[in-house]
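Colleague: One structure follows; several queries about it will come next.
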Amino acid sequence: MPSPAADSVEQTTRSLAQTRLADVPALTERLLAAIFTDDPDWTTDYSPVPPDDLRDGCRRYLGQVLRVLCGEDETPEDDVATAIGRDRAEQGVPLAVMLRTFRLGGRIVWEALVEQAQIDGAAPEVMLRVATSMWTVIDELSSRLSTSYRQTELERLRSDEQRRHALVEGLLNGRAQDAGFAQRTAKELDLPIGGRYLVIVAEASADGGFALKGQQQTLDALHLRSVWQVRADTLVGLVALERRDEALALEKLRPLATGRVAASPAVVGLAELGTGHQLALTALGTAPHGESGLISLAERFPEALLVQAPDLARRLVDSQLGPVLELPERERDMLLGTLACWLEQECSAANAAIRLHCHRNTVLNRLQRISTLIGRSLNGHRAHLTLSLALSALALSGPEE
């Protein structure tokens with residue numbers, strides 16, 4: 001059973017709070033005066049809140065404090081602190097401002113209780129216990145306020161991120177050809193409608209991230225605006241070049257690549273970002289698996305053509321190199337390596353021999369072996385072009401083939 005002292009404290013607390021409930025309108029005006037005169041800087045923080053809304057919130061909060069002290073049971077509908085936390089988060093009032101307001105309200109309630117205690121003749125030692133009860137209520141309401149505020153902020157961030165994600169997806173899907181969508185998206189993502197853009201794609205990495213690190217900070221340092229979005233298996237970046245040279249952006253991004261990364265050619269405006277994205281994906285498809293580095297489509301046009309026509313690429317390999325590919329692995333790799341080196345050295349057997357650390361005649365014998373196997377000469381511009389494309393297609397086909 002509660003001790004007599006505890007009974008006395010509870011009865012005094014309830015009596016004082018009950019008496020002061022009628023003074024909530026006056027206490028509300030005192031709280032508003034404290035908010036706007038105690039520190040003028042805080043006035044600005046409440047500027048998003050309509051005056052009537054702020055006054056109503058103060059009134060409801062002070063009333064809740066006194067009702068709890070009266071011992072009234074609360075229902076979810078009575079949870080004023082939670083509602084205020086949600087409303088002020090949506091209005092953009094800082095949490096610190098709200099917590100300060102709750103403390104100011106607690107001080108005003110305490111002053112009102114002390115005034116009433118002097119009228120009623122309550123004992124000082126009882127009032128010390130009343131103070132403990134009252135500030136416990138303030139702490140509990142402040143905790144509810146903080147929880148509600150942070151939950152609302154989190155929900156807003158999720159909502160904003162979902163909207164941002166949808167806008168970027170719209171750009172990648174070509175929706176910016178609609179002028180209205182382009183204008184809204186440019187405003188919300190802080191991107192120019194016109195001007196030149198690069199689209200960057202980076203593959204997923206084994207560590208759960210992507211093959212490009214620190215790109216946002218690097219581009220920020222160049223005063224280049226960019227937006228980055230994670231998709232199913234790639235990181236996609238939209239880089240607004242505006243008047244800057246695309247070569248500079250690529251130069252700064254290349255050292256950041258830890259795996260396969262590709263860039264589109266410069267495209268014009270938000271309306272062409274969908275095309276840029278497809279071109280960047282095509283360029284990424286030309287990068288051999290397992291290699292690291294940033295490549296641009298301009299560097300890989302022949303390979304890009306092969307990637308865009310995979311069936312023709314397979315037929316090209318079969319028609320040009322089929323008999324060589326049927327050889328035992330060691331001989332096959334030796335002949336293919338010799339052919340590739342010879343083509344890279346502008347069809348010079350002497351230069352290829354130096355690169356391959358063998359005699360010039362050895363190179364010529366291997367080339368003759370290839371010519372015999374495929375049944376055609378290796379000489380001539382058309383043969384060089386076709387064989388070069390076939391070797392590129394073979395490299396792009398992957399190790400399983």
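Colleague: What value does the chain have for Rg/Rh, both radii from Cα atoms and Rh as Kirkwood defines it?
Modeller: Values: Rg = 36.7 Å, Rh = 27.8 Å.
Taking Rg over the Kirkwood Rh, I get 1.32.
Colleague: Give me the accessible area of I354, 1.4 Å probe, in Å² rounded to the nearest 10.
Modeller: Ignoring ligands and nucleic acids, I354 comes out at about 120 Å².
Colleague: Now, a different point. If packing is taken as the average number of other Cβ atoms within 10 Å across a peptide's residues, how do 383-390, 328-335, 195-202 rank, most packed first? Spell out each step's value before the answer.
Modeller: Values: 383-390: 17.2, 328-335: 12.0, 195-202: 25.2.
So the order, starting with the most tightly packed, is 195-202, 383-390, 328-335.
Colleague: Tell me, what is a quarter of the convex hull surface for the C-alpha atoms of the stretch 124-164, in nm² with one decimal?
Modeller: On the way: hull surface 9.7 nm².
With every direction weighted equally, the projected area is 2.4 nm².
Colleague: Projected onto the charge dipole of the stretch 271-401 (+1 at Lys/Arg Cβ, -1 at Asp/Glu Cβ, origin at the Cα centre), which of L373, S392, T275 gives the Cα projection farthest towards the positive end?
Modeller: Most positive-ward Cα: L373.
Colleague: With +1 on each Lys and Arg Cβ and -1 on each Asp and Glu Cβ, how big is the dipole of the stretch 141-295 about its Cα centre, in debye rounded to the nearest 20? Don't skip to the end; give the middle numbers.
Modeller: Details: 18 positive and 18 negative charges, 73 e Å.
With only Lys, Arg, Asp and Glu charged at Cβ, the dipole is about 340 debye.
Colleague: Select from A33, L66, F210 the residue farthest towards the positive end of the dipole of the chain; place +1 on Cβ of Lys and Arg, -1 on Cβ of Asp and Glu, and compute about the Cα centre.
Modeller: Farthest along the dipole direction, towards plus: F210.
Colleague: Here's a follow-up. On the accessible surface of the chain, probed at 1.4 Å, how many percent belong to carbon and sulfur atoms?
Modeller: Values: 10940 of 21090 Å².
That fraction is 52 percent.
Colleague: If you roll a 1.4 Å probe over the heavy atoms of the protein chains, what accessible area per residue do you get for the stretch 150-258, in Å²? Show your work: numbers first, answer last.
Modeller: Values: 5980 Å² over 109 residues.
For the stretch 150-258, the per-residue accessible area is 55 Å².
Colleague: To the nearest 10 square angstrom, what accessible area does T258 show with a 1.4 Å probe?
Modeller: Number for this one is 80 Å².
Colleague: Using a simple charge model, +1 on the beta-carbon of Lys and Arg, -1 on the beta-carbon of Asp and Glu, nothing else, what dipole does the chain show about its Cα centre, in debye to the nearest 20? Don't skip to the answer; put the middle values down first.
Modeller: Details: 42 positive and 55 negative charges, 440 e Å.
Here the chain has a charge dipole of around 2120 debye.
Colleague: A follow-up question, please. Calculate the translational D of the stretch 154-265 in whole µm² s⁻¹ from Stokes-Einstein, where the hydrodynamic radius comes from the Kirkwood formula applied to all Cα pairs, the temperature is 4 °C and the viscosity 1.567 mPa s.
Modeller: Values: Rh = 14.8 Å.
Result for D is 88 µm²/s.
Colleague: How much of the calculated P(r) for the stretch 93-209 lies past 23 Å, in percent of all Cα pairs?
Modeller: On the way: 4183 of 6786 pairs.
When all Cα pairs of the stretch 93-209 are counted, 62 percent exceed 23 Å.
Colleague: For A123 and S377, calculate 0.36 nm times their separation in residues minus their Cα-Cα distance, and state this gained length in nm to one decimal. Don't jump to the answer; show the numbers that get you there.
Modeller: Values: separation 254, 0.36 × 254 = 91.44 nm, distance 11.39 nm.
Result for the pair: 80.1 nm of gain on full extension.
The values are calculated or read from the model by the stated rules, or taken from the named source; none is laboratory data. Please read these numbers as outputs of a predicted model, since none were measured by experiment. Don't worry about glycine lacking a Cβ; one is built from the backbone with ideal geometry, like all the others, and counts go over all protein chains shown. In case anyone asks, the SASA skips ligands and DNA or RNA and just uses the protein heavy atoms, side chains included. Shrake-Rupley method; radii C 1.70, N 1.55, O 1.52, S 1.80 Å.
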